[in-house]
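Each reported figure results from applying straightforward, stated rules to the coordinates on display, with no laboratory input. Here the structure is a predicted model, which is why all the values come from computation and not from measurement. Note that we place each Cβ from the backbone using ideal geometry, even for glycine, and neighbour counts take in every protein chain shown.
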Amino acid sequence: MKKTKLGEFEELVLLTVVVLQEEAYGVEIKRELEERLNERLSVGSIQSALKRMEQKGFLTSEFGEATKKRGGKRKRIYSATPYAHRVLTEMKDVRAGLWASMPKLAYDLKII
Amino acid sequence: MKKEYLEEIEGDMEEVFQESLEAHSVRKAKRIYTFEALKLFRPVLIKNLVGDYRLNNYGMFKNYFKVGVRNILKYKTFSFINVFGLAVAMSVCMLIMLMLADQKQSDQFHVKKERVYRIICTADDYVLPWASTAVPLAGTLKTDYPIIEEATQLIKGIGGDVNYKGKTMEIRGFFSDPAFFNVFSFELEKGDKNTCLTMPNAMVITSSYAKLLFKGEDPIGKIVQLEDRRLDHLGIDGEDIRPVDWGQYTITGVIADLGYKSHLKFDALVSVATMKGLHREKKTPNLTDNWWNFDHCYTYAVLKPENTSEDLNTVLDHIVATKYEDQKPEKGFEMEGQKLGNISPGPFMSIPISFRMPIEAYYILSFFAVVIMLLACLNYTNLSIARSLTRAKEIGIRKVTGGKRKDIIYQFFSESIITTLLALVMAVLLLLFVKEAFMNLWINKYINFNLEGTLSVYLVFIVFALFIGIIAGFYPALHMSGYRPIAVLKNFDMARRGKLGIRKILNISQFSVSLFFIVTSILLYNQLRHFLEFEYGFNTENIINIELQSNDYSIVSHEFSTVPGVTAISACSFIPTSGHGEGRLLKIAGSEEEYQLFTALQTDDGFIDNLGLKLVAGSNLPASENGSDHFIVINEFAVKKLGYGSAAEAIGQVLEVKRGKEVLQVIGVIEDFQFKALFEQDRNASLLLRNQPVKYQHVNLRVVSGNLMNTIEALEEKWKAIDPVHTFKYEFFDEQLDSMHSFFNDVVSIVGSITFLAIVISCLGLLGISIYTTERRTKEIGIRKVLGAGVFNVAFLVSREFLRLLAMAVLIAAPASFFANNVWLQNFPNRVSFGIGTVSLGSAILLVLGILTIITQIISVSNRNPVESLRDE
């Protein structure tokens with residue numbers, strides 16, 4: 001857990017990539033996240049998060065097909081690495097663990 | 001934007017723009033697009049500010065290569081000077097590498113090579129360690145010390161003729177034991193390794209020897225007759241005695257000819273068990289239990305895998321301590337193990353088992369090669385710096401257009417490496433000649449080099465060339481890459497100042513080295529001539545020396561005396577000044593004086609007369625008859641050494657021999673003459689002549705004849721009648737004396753050729769610099785001539801700088817070479833005089849060569865019509 005260095009926004013983007021599967025390319029990720037978060041995101045923020053995670057080894061990518069809408073430019077399809085899956089699960093567990101211990105703590109406090 | 005991200009992000013932007021077009025007006029969409037684009041300026045996404053080098057490395061190297069080749073082609077003279085100088089120096093270095101590679105391969109085939117040690121002896125009085133040991137050592141090592149897995153010995157002694165079915169061949173080799181094949185990994189073509197050396201009178205021969213002797217017959221089980229002539233195992237004919245029948249031997253093994261490279265050289269091995277019989281018949285000295293004789297046996301031991309050389313040395317120390325409890329054989333006597341891999345190439349040894357080029361010789365040769373190589377590298381550096389004036393603009397432009405210092409360094413290195421690779425090609429060609437010349441040296445008759453070279457050696461050459469490229473290009477690369485573009489492009493004269501200094505220093509050091517070599521080789525040459533013209537103090541004219549080759553002198557002399565033209569005959573045990581000779585310790589009988597070292601020369605009564613030695617007092621040796629051999633003739637130096645006032649006083653005196661109870665009586669005194677080898681000692685040494693016919697080895701014939709060749713033919717006829725087996729070996733005494741300096745001749749040749757190379761390289765460098773400087777100054781000289789300067793004026797102007805360089809070199813190197821050469825010369829007997837004359841001669845040669853080198857340039861520049869040089873601007 002210590003050295004994963006996955007930021008909050010990066011984690012969101014990474015989760016989106018996992019969710020989108022085959023469709024996970026720049027604009028689609030942006031669209032999906034904007035919908036879920038209900039806020040506007042810039043292309044740059046998404047792209048920098050993607051590139052950073054690729055460098056850290058959470059993502060791999062390959063070129064997909066080109067569409068007319070993209071001015072003939074190819075998409076880059078991202079997919080999460082097994083390492084990323086592991087880190088995501090770990091983070092989920094940690095959070096779940098924290099949630100689980102919360103009410104108990106409140107109960108203990110009451111007794112005193 | 002990073003290139004690899006470009007397509008994707010552009011696509012994304014396009015898509016977003018299309019979407020926002022649907023939602024908003026074109027203007028708003030464009031505005032959003034602009035903002036989005038601005039937001040893309042993130043460290044992760046944009047290109048590095050410094051630029052990305054990996055992208056165009058290949059292209060730049062291609063460019064460096066192209067520019068390098070163009071530069072080489074553009075300045076053909078300079079390139080030639082560089083390439084040729086480097087090639088010459090490299091070929092010398094490569095020759096040494098070939099020699100080392102050949103020697104390194106020696107003894108690599110032994111399975112246990114990492115654990116095999118040769119035992120050597122050292123003592124305070126030994127100048128060199130001895131390669132040989134006492135005979136019983138191998139047995140003691142094997143039985144008493146568990147760390148020794150195996151030990152074997154090679155005992156000197158096989159040297160004579162074998163006879164098989166009437167065919168006689170010379171044979172040389174050793175006695176050895178069955179352990180030999182356990183220590184060394186020689187394979188047997190025929191026979192059994194374990195048993196072939198166990199039985200007495202068993203003999204193992206090499207495959208090549210078997211082919212010559214048996215001509216295709218199966219050698220195993222064949223019986224040969226051995227006649228001992230005490231030939232040396234080294235292949236030089238040493239002690240030559242009457243043949244002794246050593247009995248019959250059975251061939252039990254043939255060593256396969258698998259191209260073994262080993263320091264062990266022999267035709268045959270004979271089982272040690274044979275020696276018992278020979279001892280009984282007193283045909284060879286019994287040294288089986290003799291711990292006091294060290295020059296007859298070579299011992300090799302294999303250590304157990306877990307033991308180290310230190311363990312072995314402890315064991316050897318223990319042996320010395322126990323075997324020589326009461327008294328050591330020599331002061332500071334010690335034994336130590338020498339690893340098999342360190343024998344060849346290895347240090348110089350006494351009593352060598354075979355001739356090898358000692359490691360010291362490699363050091364000296366390598367030193368020469370490195371000096372030459374440095375000179376060539378200095379040339380490269382020097383010419384590169386000189387040309388930096390022209391290259392400076394290029395460097396400036398490269399830097400302005402984004403080249404960094406590192407790139408310029410790469411560029412200059414690639415240029416120097418291209419040059420050295422060209423030089424490598426040339427050097428490989430030159431190597432053929434260098435190799436040929438080297439193989440013709442006298443010394444190579446005794447050392448068998450195989451200078452073929454393997455693939456790995458050639459790979460080493462390539463690495464070597466790259467390395468030299470880096471060394472040669474080092475200074476230019478670092479220096480020129482440091483130019484500041486603004487200074488260089490604006491006005492280069494600014495950057496020029498001070499650079500002449502280093503160039504001058506380089507030139508001066510080159511010429512100093514050259515001068516040093518010149519003086520040394522003149523001195524060596526003078527010394528050689530001094531040797532050749534040496535006054536020996538005896539007569540060599542018309543004397544022919546014939547090797548007796550174990551024949552009876554009385555028969556030979558009788559037969560030869562009948563040949564017309566032979567006027568006198570005498571015999572001696574060794575040829576004076578040949579470097580041979582037995583030592584004898586003598587003192588006046590009954591006195592308390594110390595023993596004096598004499599050299600004993602056994603001669604007959606005709607010797608003194610035949611060689612023209614002068615009797616000072618007393619009479620000649622008596623003719624050989626019973627009881628005549630206790631009369632001796634000594635030289636004047638010995639008279640002084642023994643403490644007699646005059647020669648006459650010594651006559652009739654009785655001397656006693658150490659360790660022998662022998663008593664000798666002086667009957668004559670002769671004038672001193674040179675009988676030791678010239679480089680060994682001058683004539684200040686004691687000598688005794690004694691008539692002992694058994695010791696004769698050479699016949700001296702005085703021949704006065706109109707047709708010398710006829711006389712020699714007649715002598716040969718006689719010889720064939722006396723000894724049909726051995727060839728007639730004769731030499732003219734004066735030629736024989738000259739050939740004794742063959743080794744010195746080799747030294748002179750080597751130093752001479754190194755000197756030649758050093759001068760050639762330095763002069764080429766000077767030529768390059770002078771071409772360059774005169775070219776640079778064409779305009780200046782043109783203007784001077786227009787203003788009225790004369791030819792001499794100009795010539796002086798141009799040559800002044802170079803003359804100053806040469807003068808500086810002379811000032812530095814002349815005293816240095818004088819003192820350095822005096823160091824070795826002082827320890828040299830029979831030395832030639834060495835003084836200001838030789839040094840001045842060397843300096844004059846250097847100056848003349850230097851001036852000859854630049855004179856063409858100076859003449860052409862002085863005579864040039866100023867119109868031509870000033871016309872175009």
So for chain B, averaging the separation of alpha carbon pairs under 8 Å that are six or more residues apart and normalising by length, what relative contact order in percent results? 14
Please report the net charge: other residues with Cβ closer than 10 Å to the Cβ of A:Ile29, K and R +1, D and E -1. -3
Sparsely packed GluC sites (Glu not before Pro) within region A:1-96, loop by DSSP, other Cβ within 10 Å at most 10: A:Glu39
Compactness index (Cα Rg / 2.2 N^0.38 Å), region B:714-873: 1.78
Normalised by the residues of chain A, what does the relative contact order come to in percent, with Cα pairs under 8 Å and at least six apart? 26
Across region B:163-291, what fraction of all alpha-carbon pairs, as a whole percent, falls in each successive 5 Å bin from zero upward? 2, 10, 20, 24, 22, 15, 6, 1, 0
Hey, got a sec? Which trypsin sites (Lys or Arg not before Pro) in region B:113-207 land in a DSSP loop and have at most 12 other Cβ atoms within 10 Å? B:Lys165
Could you give the semi-axes, largest first, of the ellipsoid that matches region B:342-384, computed as the square roots of 5 times the alpha carbon gyration tensor eigenvalues and rounded to whole Å? 35, 7, 6
Counting only other chains, and only Cβ atoms inside 10 Å, what mean value do you get across the residues of B:28-40? 2
Which value, in debye to the nearest 20, gives the size of the charge dipole of region B:642-728 about its Cα centre, when Lys and Arg are +1 and Asp and Glu are -1 at the Cβ? 280
Relative to the present Cα-Cα distance, how much length would full extension add between B:Ser739 and B:Lys74 at 0.36 nm per residue of separation? 234.2 nm
Expressed in µm² per second, the diffusion coefficient of region B:116-342 from the Stokes-Einstein equation, with Rh the Kirkwood radius over alpha carbon pairs, at 25 °C and 0.890 mPa s, is 134
Can you name the helices of chain B, as whole DSSP H runs, whose Cα span along the helix axis is 30 Å or more and whose Kyte-Doolittle mean is not below 0.0? B:76-104, B:359-400, B:405-439, B:455-480, B:499-532, B:742-776, B:791-825, B:836-863
Looking at chain A, I'd like the Rg to Rh ratio, where Rg is from alpha-carbon atoms and Rh is Kirkwood's inverse mean 1/r. 1.13
For B:Lys435, the net charge from surrounding residues (Cβ-Cβ under 13 Å; K, R +1; D, E -1) works out to -3
In Å, the Kirkwood hydrodynamic radius of region B:600-679 over pairs of distinct alpha carbons? 13.3
P(r) over all Cα-Cα pairs of region B:72-125, 10 Å bins from 0 to the longest distance, whole percent per bin, short to long, reads 18, 21, 21, 18, 12, 9, 1
Suppose R0 equals 45 Å; then what is the FRET efficiency for B:Glu680 and B:Glu310 from their Cβ-Cβ distance, rounded to the nearest 0.05? 0.75
Shape call for region B:3-47, from the Cα gyration tensor axes a ≥ b ≥ c (a/c under 1.5 means rounded, otherwise prolate when a/b beats b/c, else oblate), comes out oblate
Contour minus Cα-Cα span, B:Glu22 to B:Ala721, at 0.36 nm per residue, comes to 239.0 nm
Using a Förster distance of 22 angstrom, determine the FRET efficiency expected from the C-beta separation of B:Ser208 and B:Asp232, and round it to 0.05. 0.65
Sorted from fewest to most neighbouring beta carbons within 10 Å, what does the list B:Tyr363, B:Tyr644 look like? B:Tyr363, B:Tyr644
The FRET efficiency for B:Ser350 and B:Ile783, from their Cβ-Cβ distance with R0 = 45 Å and rounded to 0.05, is 0.05
When you count, for each residue, the other Cβ atoms within 10 Å and take the mean per peptide, how do B:502-511, B:256-265 rank with the highest first? B:502-511, B:256-265
What do you get when you divide the Cα radius of gyration of region B:11-141 by 2.2 N^0.38 Å, with N the number of residues? 2.68
Whole angstrom only: what separates the Cα centroid of region B:243-257 from the Cα centroid of region B:341-374? 35
Using per-residue counts of other Cβ atoms within 10 Å, averaged over each peptide, order B:216-224, B:728-736 from highest down. B:728-736, B:216-224
Where does the charge balance sit around B:Ser481 when Lys and Arg score +1, Asp and Glu -1, over other residues with C-beta under 13 Å from its C-beta? +4
List the relative contact order of region B:116-342 as a percent without decimals, with contacts defined as Cα pairs under 8 Å and 6+ residues apart. 35
Partner shielding of A:44-57, as the mean number of partner chain Cβ atoms within 10 Å, equals 4
Mind grabbing the base-10 log of I(q)/I(0) for region B:566-703 at q = 0.10, 0.13, 0.19 Å⁻¹? Debye formula, identical points on the C-alpha positions, no solvent, two decimal places. -0.29, -0.50, -1.13
May I have the extent of the alpha carbons of the protein assembly as shown along their three principal axes, as whole Å values ordered from largest to smallest? 141, 101, 67
B:Val654-B:Thr195 pseudo-label distance in nm [points 7 Å out on the Cα-to-Cβ vector]: 6.1
Is there a pair in B:Lys193/B:Lys323; B:Lys215/B:Lys265; B:Lys66/B:Lys435; B:Lys222/B:Lys276; B:Lys661/B:Lys695; B:Lys76/B:Lys399 whose C-alpha atoms are over 24 Å apart, and which pairs would that be? B:Lys193/B:Lys323; B:Lys66/B:Lys435; B:Lys76/B:Lys399
With only Lys, Arg, Asp and Glu charged, each at its Cβ (+1 for the first two, -1 for the last two), find how big the charge dipole of region A:2-111 is about the Cα centre; round to the nearest 20 debye. 340
What average count of beta carbons from other chains do you get within 10 Å of the Cβ of residues in B:15-23? 4
What is the spread of the Cα atoms of chain B along each of their three principal axes, largest first, in whole Å? 137, 79, 55
